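Below: the structure, in structure tokens.
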Amino acid sequence: MAPPNNPSSHTKPPAHRNVKHVVLGDLLFKTWYQSIYPEELVNKDTDRLYICRWCFRYSCDADAFAKHTQVCQHRTTPPGTKVYDHGGYAVWEVDGDKNKLYAQNLSLFAKLFLDHKSVFFDVASFLYYLLTFTDPHDPENYYILGFFSKEKLSWDANNLACILIFPPYQRKQLGKLLMGVSYKISDWEKDSGLIGGPEKPLSEMGRKSYSRFWEERIARYLLLHTSDTEDSEYSSPQKQKPSKASCKRQPHEVVTVQEIGLATGMLTEDVITALKGMGIVEPTTPSKKRKSNQETGEVNDGETVMIRISDVLEWTKAHHVTWRDPVRDEGFLGRWAPRDMHEISDSGSDESDE
Ligand SMILES: [Zn+2]
């Protein structure tokens, strides 16, 4: 849900960018869009804006910036609570109400790379989830790679408002990691949770990223859960792939769009988007009511669809989709931690190949 009367929302990218480049830590890169830094601090024509890579404070002055980095209070750890930690990647939940300046500075920086999404100055009603990476050989040093924001109370059950992987870290599949985390922490698996999705409308880039994320999510679900495979395959590396025999026994899966949505935590409209994108739905025996839909390839909410498992396999191969979900259940902490943490981390210890 967009905040009402947000004066900072942009509907089209302005031709003029107030900040041309940013220096984030020791990385220099171009900005994409206009942000709304206060004009008394950031000139309309700033070539380089120095941004603290730990707290997102900004300065046009390189010396002031260097001084700040010596004393930044977040240089060893981000604010907030760690909710996920696996393979060097961690996600931290930051309450915008308790960390207003941090959230505002993060939003100002993010707006340089976000087109239609508003920068929310109403940061108090949002949670921010920072994605960090820590090299195990350099554990004192962490990098913030991107984040997503989420309304604390979303009337539309949005599990994500805004997502950004910072430009130097893009094209590493990190967006999918954050999207996966956003579904998990929406609690859709619990009775009290709601099935939801990202705030709409999506930007062009958001639509592409989400379509692919949803397609992969559904492919994994279909391959790992709809055949006569067992849950244990998730935790047992040698049994990752459903055997050919099980595919032969059940060459088709007949499922409804709603079933896929309930099993993956996805809205039926998003399931439909993904199924269409994958092109794996085969016509079922046409009923009178649905005949026209079958002929046009339309898929509707609640409709039964027939999916050939071999088509899903082919799709995953053609798109180089790994069987393993990039988001690991055993990585979640606190209230999202798996119930039997000990058992899962035992089986996880076999996976030293990553
Ligand atoms: Zn700082």
What residues qualify as long-range amide H neighbours of Glu253, i.e. H under 5 Å apart, gap of 5 or more or another chain, H built at 1.01 Å from N?
Ile307, Arg308, Ile309
Net charge near Ser35: determine it from the other residues with C-beta under 9 Å of the C-beta of Ser35, scoring Lys and Arg +1 and Asp and Glu -1.
+2
For region 258-270, just list the computed ³J(HN,Hα) in residue order, Karplus coefficients 6.51, -1.76 and 1.60, θ = phi - 60°, integers in Hz, with x standing in for Gly and Pro.
5, 4, 4, x, 5, 7, 10, x, 9, 5, 4, 4, 6
Provide the gained length on full extension for the span Ala66 to Arg335, in nm with one decimal, where the gain is 0.36 nm per separating residue minus the Cα-Cα distance.
93.0 nm
Any chance you could run the full-extension gain for Thr76 through Asp135? It's 0.36 nm times the residue separation minus the Cα-Cα distance, nm to one decimal.
19.9 nm
Hey, with R₀ at 25 Å, roughly what FRET efficiency would Asp26 and Ser203 work out to, going by the Cβ-Cβ distance, to 0.05?
0.30
Give me the percent relative contact order of region 129-200, please, defined on Cα pairs under 8 angstrom at least 6 residues apart.
26 percent
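Every number in this text was worked out from the coordinates using simple rules, so none of it is lab data. What you see is a predicted model, and the numbers here were worked out from it, not measured in a lab. With ideal geometry, Cβ positions are generated from the backbone for all residues, glycine too; neighbour counts draw on all protein chains shown.
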